[in-house]
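To start, the structure itself, in C-alpha cells.
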Amino acid sequence: MSSLARWEHFQHQADIGVRGMGATPEEAFEMTALALTGVVTDPALVEPREAVKLACDAPDLELLLVDWLNALIYEMSTRSLLFGRYAVTIEGERLEGTAWGEPVDRQKHKPAVEVKGATYTELKVARENGLWIAQCVVDV
Amino acid sequence: MSNVEREGLVESGADRWEMAPRGGMRVPVVIFASRALLEGMDERVFEQARNVATLPGIVKASHAMPDAHWGYGFPIGGVAAFDPEQGGVVSAGGVGFDISCGVRTLLTGLPREELEPYKERLADALADNIPAGLGSKGLIRLNDREMTAMLRGGARWAVERGYGEEADLERTEERGCMAGAEPEQVSARARERQRQEMGTLGSGNHYLEVQEVAEVYDEAVARTYGVARGDIVVSIHCGSRGLGHQIGTEFLRRMVVEAPRHGIRLPDRELACAPLDSTLGRAYLGAMRTGINCALANRQIITQLVREVFARLFPGHPLPLLYDVSHNTCKEEWHQVEGGRRRLFVHRKGATRAFGPGHPELPEALRGVGQPVLIGGSMGTGSYILCGTAQSEALAFSSACHGAGRAMSRRAATRRWHGRQVVDELAARGILVRSPSLRGVAEEAPGAYKEVSEVVESAHRAGLARKVARLVPLICVKG
C-alpha cells in the first residue's frame, strides 16, 4: 500500500458518498471499497477470515468502479459477509478483485445500515495532482 | 442569491412555482412548496428537475413535491409522466433502487389507555417477531417456482399462502397484484438477493411504528377511514428489498450503456432511460412490476407477523388494513391532458399516488372521499394521513408528497448525536425505540429530518392532498 492510500465519506443529502484515493486506480478502487465497508461498520472490526474472488468488465473506469462496488454489495448481501481488506488488478476493461472478510456479527460489527446499490451520482475516477480518486454516492 | 431569483421561479398558484422551459427543456418545471420550503431546497433539486424536463416524451411538466430533495437523476419527490406515442421513456433512475417502497397503515381499534400497560411487552414482541436490520433473515425461503409465483402475484400470492386476508387486497394499490409483471425479465442474481429477505423490514429509514392518532382535521373523512382521535394504529414502511435493489442496479447500467443507441443524450448518467416501446424499456417495465409485487408481498407478510403479535397480547383485534401506498414507481395510467384522455407512464420517485374522490381504482368504501395518502415522518415527529383531492389530477397527475425528507446527512447526524442518547431522549417522551443498531438510530435521529408538518401543510394548501389526521409514534422498530 502506498502512502497516498486512504478513504473517506462525503456528503449527500439523503445518502452517503464513498471516496478512495491512491497512487494507482487499483489502489483507489481498494480504498473506495473500504469506504463502502465504512458505511456499514468500522472496517478495522472485520477480520479477513475468508476470501471472495470477483471480476467485472466495463468500457470505462467510471462504469468499472460502479460495477466493482455493486459486485461487492451483491456478495455482502447474498453471503451475509462484511469485508475488511481488498486487492484489485485492472487490465484494460477488466477488473479482478479479491475481498477478505467474515460473516456479519451483529454484536461485534454493530452494522449501521445496509447498502442498496452504488449510483452514478457524483461518480468520478480521475487523476488529480498525481493522486487517483475514485468516488460515487451509494444508496442506503 | 435566493432559489426563486436564481432559478427564475414564478409563483403560479397556492404553494405552486413555475420555471419556464429553457435550454433543452421540453416542458416547464413546476414545484409545489411554500416559499420557505423552496428556499430550503438544495440547488441540485432544481438542476435535477430541469434535467427531467429534457427527457423525450415528457408531458405537461417536470414536477417536484414539497418534500423534494437531491436524489439520483430525478429529484426525490419528483413526478413526471411520459407518453409512449410521443417517444416517451421509462427511467430506472426515475423509479429508484427501492422499487415500490411504501407505507401501509393498520387499524387496531384500541384506545391508547388499553395499550399503555403493555407497551414495553409489545415493543419487545414486535422487535422479536419482525426481522429488521442488516444480517437479519426472513422466516420464509422461496424455491424458484414459488419465487416466480410471488413475483407475478404480489400481495395476492401472500394472502393465498395464508399471510393476511382477502379484504387486505382491496385496500392495496393495484388490488395487491401489479399486472404486467414478467418474472422472466428478472435475473438469477436478483432472485438470489431476495431468497432470504421475504418478510424483512430492511434498514435505513424503514420502520414499523405503533402510533396514536393525535389529531383529526377532517372528522367525516376520518370516520370513513375508521380513524378516531386517541386510537392506536400500526404503520409499516419498507420496500422490495434485495430484489428491487438488484433490478434497479442491473437496468440502470443497461440503460446507461444503451442510451446513445436510442439517440438519448443524458445530462446526467443517473437519468438513464429507454424508450417505452424499445426492447429494453419493455423488459424494465416487466421486471420493475415484479419489484412492485415483491414489495406488496413483503408488506403483506410483515402485516401477518404484526397481527400474530397483537393476537397474543390483544385478542379480538383483527387489525384491518386502512390502505397501502407505494412511493417509488412507474405506473401506466390514464390522465386528462389538454382536453383528451391519454395513456401515460407516470414516474413517482419519492411521491405518493393520490387519487381523488370517485376514482375507479379506489375500493367502494373509500370512493366517496378519496384515497388515503400515508405520509411517514421521522422517529420523533410523527406521520400524517391525508386524502386525495379532485384537483390533484390537474395539478400533478394525482400525486402528493411522501415524507419529511432529510435535512442533514447521515455523517452529520452521527457527529451530532449518539444512538443511546437518541433512544433515551425518545424514551423520556414515551417513545420506545427498538433497533439492533445504535449507529443506525443516530443516523435516523429526528433532528436529521425536516419538519414533516411543513411539508404536509404545503401539500394541503397546494391542493395535492388534504389533511385528515396526525399520528405520533409510541413504539418504533428500526432496522
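Report whether or not B:GLU146 is of a type outside the set (Gly, Ala, Ser), more than 28 Å from B:ILE385 (Cβ to Cβ) and surrounded by 22 or more Cβ atoms within 10 Å (Cβ to Cβ). When the stated conditions are applied, B:GLU146 does not pass them.
Scanning segment B:310-344 for residues that are under 17 Å from the mean Cα position of the chain (by Cα) and among the aromatic types (Phe, Trp, Tyr) returns a single hit, B:TYR323.
Considering the conditions (1) surrounded by 21 or more Cβ atoms within 10 Å (Cβ to Cβ); (2) outside any loop (DSSP other than H, G, I, E, B), B:TYR163 is excluded by exactly one of them, (2).
Checked against the criterion of being crowded, with 22+ Cβ neighbours inside 10 Å, at pLDDT 95 or above, closer than 24 Å to B:THR329 by Cβ and in contact with a strand residue (DSSP E or B) (Cβ under 7 Å, 6 or more places away or on another chain), segment B:130-137 contains not a single residue that satisfies it.
Apart from one condition, B:ALA179 fits all of (1) within 14 Å of another protein chain (Cβ to nearest Cβ); (2) outside any helix (DSSP H, G or I); (3) at pLDDT 95 or above; the exception is (1).
Given the criteria under 29 Å from B:TRP70 (Cα atoms), modelled with pLDDT of 95 or more and open to solvent by less than 10 Å² (accessible area, probe 1.4 Å), does A:LEU34 qualify? Considered against the rule, which asks whether it is under 29 Å from B:TRP70 (Cα atoms), modelled with pLDDT of 95 or more and open to solvent by less than 10 Å² (accessible area, probe 1.4 Å), A:LEU34 comes out as no.
Of everything in segment A:51-83 that's open to solvent by 50 Å² or more (accessible area, probe 1.4 Å) and part of a helix (DSSP H, G or I), which residue is farthest from the other protein chains (Cβ to nearest Cβ)? Ranking the qualifying residues of segment A:51-83, first place goes to A:LEU61. Picking from residues in segment B:191-206 that are basic (Lys, Arg) and closer than 15 Å to B:ILE99 by Cβ, the one that is farthest from the other protein chains (Cβ to nearest Cβ) is B:ARG191. Residue count for segment A:87-140, restricted to those that are basic (Lys, Arg) and in contact with a Phe, Trp or Tyr (Cβ under 6 Å, 6 or more places away or on another chain): 1. None of B:SER100, B:SER34 is among the small types (Gly, Ala, Ser), at positive phi and in contact with a helix residue (DSSP H, G or I) (Cβ under 8 Å, 6 or more places away or on another chain) except B:SER100. If I ask for residues that are away from chain B (no Cβ under 14 Å) and of a type in the set (Ser, Thr, Tyr), which ones from segment A:94-140 would you list? The one that is away from chain B (no Cβ under 14 Å) and of a type in the set (Ser, Thr, Tyr): A:THR98. Scanning segment B:270-313 for residues that are touching a helix residue (DSSP H, G or I) at 6+ places or on another chain (Cβ under 9 Å), hydrophobic (A, V, I, L, M, F, W, C) and more than 16 Å from B:SER91 (Cα to Cα) turns up B:CYS294, B:ALA295, B:LEU296, B:ALA297, B:ILE301, B:LEU305, B:VAL306, B:VAL309, B:PHE310, B:LEU313.
The single condition from (1) surrounded by fewer than 23 Cβ atoms within 10 Å (Cβ to Cβ); (2) β-branched (Val, Ile, Thr); (3) away from chain A (no Cβ under 14 Å) that B:THR414 fails is (3). Taken across segment A:84-100, residues that are open to solvent by less than 40 Å² (accessible area, probe 1.4 Å) and not in a strand (DSSP E or B) do not occur at all. For the residues A:GLU47, A:GLU91, A:GLU8, the requirement of being out of contact with any Ser or Thr (no Cβ under 9 Å at 6 or more places or on another chain), at pLDDT 95 or above and within 12 Å of chain B (Cβ to nearest Cβ) singles out A:GLU8.
Of the residues that make up segment B:218-234, is at least one surrounded by fewer than 24 Cβ atoms within 10 Å (Cβ to Cβ), within 14 Å of chain A (Cβ to nearest Cβ) and not in a strand (DSSP E or B)? For segment B:218-234, residues surrounded by fewer than 24 Cβ atoms within 10 Å (Cβ to Cβ), within 14 Å of chain A (Cβ to nearest Cβ) and not in a strand (DSSP E or B): absent.
Taken over segment B:259-279, the criterion of being small (Gly, Ala, Ser), within 14 Å of chain A (Cβ to nearest Cβ) and surrounded by 22 or more Cβ atoms within 10 Å (Cβ to Cβ) is satisfied by B:ALA272 alone. Checked against the criterion of being farther than 17 Å from B:THR249 by Cα and among the hydroxyl-bearing types (Ser, Thr, Tyr), segment A:27-40 contains one or more residues that satisfy it. Of all residues in segment B:82-97, those being away from chain A (no Cβ under 14 Å) and at positive phi number 1.
How many residues are open to solvent by 10 Å² or more (accessible area, probe 1.4 Å) and more than 26 Å from A:VAL137 (Cα to Cα) if we restrict to segment B:392-411? Total satisfying the criteria: 3. Here B:ARG282 fulfils each of the conditions (1) more than 10 Å from every other protein chain (Cβ to nearest Cβ); (2) of a type in the set (Lys, Arg); (3) in contact with a Cys (Cβ under 9 Å, 6 or more places away or on another chain) apart from (3). Which residues, taken from segment B:257-296, are modelled with pLDDT under 95 and within 23 Å of the chain's Cα centre (by Cα)? B:GLU270, B:LEU271, B:ALA272, listed by residue number. For segment A:101-127, name all the residues that are more than 12 Å from A:THR41 (Cα to Cα) and buried (at least 16 other Cβ atoms within 10 Å of the Cβ). A:GLY101, A:GLU102, A:LYS116, A:GLY117, A:ALA118, A:THR119, A:TYR120, A:THR121, A:GLU122, A:LEU123, A:VAL125, listed by residue number. Taking every residue in segment B:61-74 that is more than 7 Å from chain A (Cβ to nearest Cβ) and in a strand (DSSP E or B) and pairing it with any residue that is hydroxyl-bearing (Ser, Thr, Tyr) and open to solvent by less than 10 Å² (accessible area, probe 1.4 Å), at least 6 positions away or on another chain, the pairs with Cβ-Cβ distances below 6 Å are B:PRO66/B:SER458.
Among the residues of segment A:101-140, write down those that are basic (Lys, Arg) and not in a loop (DSSP other than H, G, I, E, B). If the condition is that a residue be basic (Lys, Arg) and not in a loop (DSSP other than H, G, I, E, B), then A:ARG106, A:LYS108, A:LYS124, A:ARG127 are the ones that fit. Taken over segment B:388-403, the criterion of being more than 19 Å from B:HIS335 (Cα to Cα) and either within 11 Å of another protein chain (Cβ to nearest Cβ) or not in a loop (DSSP other than H, G, I, E, B) (or both) is satisfied by B:GLY403 alone. Quick check, is B:ALA190 modelled with pLDDT of 95 or more, in a helix (DSSP H, G or I) and surrounded by 20 or more Cβ atoms within 10 Å (Cβ to Cβ)? The answer is yes for B:ALA190.
The values are calculated or read from the model by the stated rules, or taken from the named source; none is laboratory data. Note that this is a predicted model, so its numbers are computed, not measured. FYI the Cβ positions are ideal-geometry reconstructions off the backbone, even for glycines, and counts take in every protein chain you see. Side chains included, ligands, DNA and RNA excluded: accessible areas come from the protein's heavy atoms. Shrake-Rupley method; radii C 1.70, N 1.55, O 1.52, S 1.80 Å.
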